Amino acid sequence: MTAETDSETDSAPEGPVVLFDGVCNLCNGLVAFLIPRDPEGRLQFAPLQSEAGHELLTRHDLPTEDFDSFVVLEGDRLYTKSDAAIRVAELLGWPYRVARIGRLLPTRLRDYLYDVVANNRYDWFGRKDRCMIPDEDVSDRFL
């Protein structure tokens, strides 16, 4: 193993990482919803626009510009769109885990519904001028 590979491994996040649109009010609201429902602090977060977000997107061969999905990275697994939403619900446990029933719908239909919301999120929920700054008590959960 080379030193470069070691440093990449060392910088890999330990737990599941939620990459979200840091200027989207809906996405920021989702993060604010998730934090208290994950009292063990397993989930980590990074705005798509951040350096950490860009690095993780690049590492997984995802676009870093005009990206309209939130992503969950868990080890070598990558979840996007409706799969990411369902995976986050599973990670939160009961009662949110019930969302896995959504997998009974075809992925194409789930992702279509996801895209409708994603494509209208700024119009419906607004946007910020810059990424959110986490409160000090949860800042260690942000990459």
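For every residue, the table says whether it meets (1) small (Gly, Ala, Ser); (2) within 18 Å of residue 66 (Cα to Cα).
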{"residue": "88", "(1), (2)": "no, no"}
{"residue": "96", "(1), (2)": "no, no"}
{"residue": "99", "(1), (2)": "yes, no"}
{"residue": "102", "(1), (2)": "yes, no"}
{"residue": "113", "(1), (2)": "no, no"}
{"residue": "117", "(1), (2)": "no, yes"}
{"residue": "130", "(1), (2)": "no, yes"}
{"residue": "136", "(1), (2)": "no, no"}
{"residue": "141", "(1), (2)": "no, no"}
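Name the single residue, out of those in the range 111-140 being of a type in the set (D, E, K, R) and assigned to a helix (DSSP H, G or I), that is farthest from residue 38 (Cα to Cα).
Checked the range 111-140; the qualifying residue farthest from residue 38 (Cα to Cα) is 123.
Bear in mind these aren't lab numbers, they're just calculated from the coordinates by the rules spelled out. It should be emphasised that the depicted structure is a prediction, and the values quoted were computed from it without experimental measurement.
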